[in-house]
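Chemist: So that we are looking at the same thing, I have put the structure below in C-alpha cells.
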Amino acid sequence: MGSTGSIGTQALEIIRNNKDKFKAVGLTCRSRVDSLIEQIREFSPEAVSVGNAEDAARVQAEFPDITVYYGDAGLVEIAQMDCDIVLNSLMGISGLAPTYKAIECGRDIALANKETLVAGGALVTDLCRQNGVRLLPVDSEHSAIFQCLEGNGGSACGRAYRESDGGVDRPVRRILLTASGGPFRGRSLEEMRDVTIEQALNHPKWSMGSKITIDSATMMNKGLEVIEARWLFDVPADKIDVHVHPESIVHSMVEFCDGSVMAQMGLPDMKIPISLALNYPDRMKLIGDFDPEASDAPGAGALDLFTTGANLTFEKPDRKVFRCIDLAYAALKEGGAAPVVMNGANEALVAMFLSGKIGFLDIPETIEKVMDAADFAAPATVDEILHIDREARRMAAELL
C-alpha cells in the first residue's frame, strides 16, 4: 500500500530481486498512476487501487484482467486481499482504516505508517492481540528497537515492557530513540522564522516523501515516533528518550535494567528494515560477502566502522526550537483524543506550508492552539477517530 512512494518502490526492489520468495498481489497509489502502470506491467498484481474514478477507468482499460479500485474504499478493499502480509507505507491518517481492516482479516502488518498508531494506538494494538496478528515495524528507528529486543530474547512483536508480569520484572529500562536532527539542527528559533519550503525539504540523510520530510524538519516526526514506540513496545512515555544523532548510523537503542545498552547500526538504507519485516524472522542478503583481501573491504553497502566509528555523536534535542517533540509527549500524556487532534492539525498545517500558505513556525504554534481548544471524548472506533481528525484539520484552517 503506497507502492509508488519511497518505501513502496524499495519494497518492490526487494521483491524484484527475490521472486522466489515474494509476490506482490496488490498495489496502491494515490496519484502517481504512470508509475503504478509500470509496476503493474512488471509485477502482475491481482488488484490495484488508485486515487479517483477517472484514473481507475484509465488503469482498467489498459489492464482489463485485473481488479481496479479507487479512493479510500479502494484502500480498504486491497487491505482485505488474501495475502500473508500487508506493507502499509501510506501517508498520514489514510493508513488507519485499511490497517484496521487488514488486522480484522488476520493479516500480519509491516507498518511504515506512523499515524496508524499515533491516532489509533490502543484500538489497533488491542485488535492485533485479539486476532494474533504481528505488527512489524518498518521505520528504521522502530525496527532498530525491535531488533534490540529480539536480540535480548524478548517478545518484540508483543508487549516489550511492563512494570511487572506475574511478579517478574521486565528488563527494559529505557528506549533511546535516535533522530538525525533534520536540516535545521543547531539553528535558533529566530533563524527558523524565514525557512523556505526548499530548505525544509533538503534532508541531510534520508530521501523521503515531502510530508515526512517536513515532519523531520519540525521534529514532529520524532514526536510521532515516540507515540508509535509507546504502542509498539508498551513502553511508557517517560521511558522513551530522544537522542539527536546526526550521522544516522545508530538507528536506535534499548537500555536494559542491568545498564547494558544494545544498539542497531547500519548505513541509512530503508531496505534493511523493509526486508526484515517482509522476511521476518529471517534476514535477507542485501550486501556482498566480506572479503578481507579486497581493496574496498568491507564492501559496497556495508558499514565501515573504521571510517564512521570515530564520528558518532549524540545530543539532546533543543526543545525550545523544536517544540513539536513536547507537543507529542503532551498529547501522549493526555491520551484520549489528544494524539488524534495533534496529528490531524499537523497534517493540515504541513500541507498548508507545502502550498506556501503559512510559515514554518506556524506549524507548531497552531498545533498547540488546536490542542488547547479541542475538547473531544476519547474515540472508541475508527470512524470516531476519523471524525476527530477532520475536526482538528478544520480548526487548524480556521485559526489561520
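The values are calculated or read from the model by the stated rules, or taken from the named source; none is laboratory data. Values in this document were obtained by computation on a predicted structure and should not be read as measured data. Ideal geometry is used to build each Cβ from the backbone, glycine not excepted, and the neighbour counts take in all protein chains shown. Heavy atoms of the whole protein, side chains included, go into the accessibility calculation; ligands, DNA and RNA do not. Shrake-Rupley method; radii C 1.70, N 1.55, O 1.52, S 1.80 Å.
Chemist: Among 253, 262, 270, which is of a type outside the set (S, T, N, Q), within 28 Å of residue 5 (Cα to Cα) and modelled with pLDDT of 95 or more?
Modeler: Only one candidate passes the filter, namely 253.
Chemist: State which residue is most open to solvent (accessible area, probe 1.4 Å) when the search covers only the stretch 1-30 and only residues that are of a type in the set (Gly, Ala, Ser) and out of contact with any helix residue (DSSP H, G or I) (no Cβ under 8 Å at 6 or more places or on another chain).
Modeler: The qualifying residue most open to solvent (accessible area, probe 1.4 Å) is 6.
Chemist: So, one more: Looking only at the stretch 43-51, decide whether some residue is under 23 Å from residue 100 (Cβ atoms), among the charged types (D, E, K, R) and surrounded by 15 or more Cβ atoms within 10 Å (Cβ to Cβ).
Modeler: The answer is yes; a qualifying residue exists.
Chemist: Sticking with this one: Please report, ordered by residue number, the helices (runs of 4 or more DSSP H) entirely within the stretch 1-88 with at least 2 residues that are within 21 Å of residue 208 (Cβ to Cβ) and at pLDDT 95 or above.
Modeler: Fully inside the stretch 1-88 and qualifying: 6-16, 33-43.
Chemist: Between a residue in the stretch 116-142 that is within 14 Å of residue 99 (Cα to Cα) and free of Cβ contacts under 8 Å to residues at least 24 places away in the same chain and any residue that is of a type in the set (D, E, K, R) and not in a loop (DSSP other than H, G, I, E, B), which pairs come within a Cβ distance under 6 Å, given they are 6 or more apart or on different chains?
Modeler: The qualifying pairs do not exist here.
Chemist: Would you tally the residues in the stretch 93-141 being among the hydroxyl-bearing types (Ser, Thr, Tyr), open to solvent by 10 Å² or more (accessible area, probe 1.4 Å) and farther than 29 Å from residue 244 by Cβ?
Modeler: The qualifying residues number 2.
Chemist: List pairs: first in the stretch 239-267 and at positive phi and in contact (Cβ under 8 Å) with a residue 40 or more places away in the chain, second in a loop (DSSP other than H, G, I, E, B) and of a type in the set (Lys, Arg), Cβ under 9 Å, 6+ apart or cross-chain?
Modeler: 248/205
Chemist: Now, a different point. Look at the stretch 52-81 and say how many of its residues are open to solvent by 20 Å² or more (accessible area, probe 1.4 Å) and under 26 Å from residue 108 (Cβ atoms).
Modeler: 11
Chemist: Of everything in the stretch 327-362, what is surrounded by fewer than 16 Cβ atoms within 10 Å (Cβ to Cβ) and part of a helix (DSSP H, G or I)? Give them in sequence order.
Modeler: Listed by number, the residues that qualify are 333, 334.
Chemist: Considering only the stretch 235-268, how many residues are part of a loop (DSSP other than H, G, I, E, B), within 29 Å of residue 124 (Cα to Cα) and either touching a Pro at 6+ places or on another chain (Cβ under 7 Å) or open to solvent by 20 Å² or more (accessible area, probe 1.4 Å) (or both)?
Modeler: Selection size over the stretch 235-268: 3.
Chemist: Name the residue that is surrounded by the fewest Cβ atoms within 10 Å (Cβ to Cβ), counting only residues in the stretch 363-400 that are of a type in the set (Gly, Ala, Ser) and assigned to a helix (DSSP H, G or I).
Modeler: Here the answer is 373.
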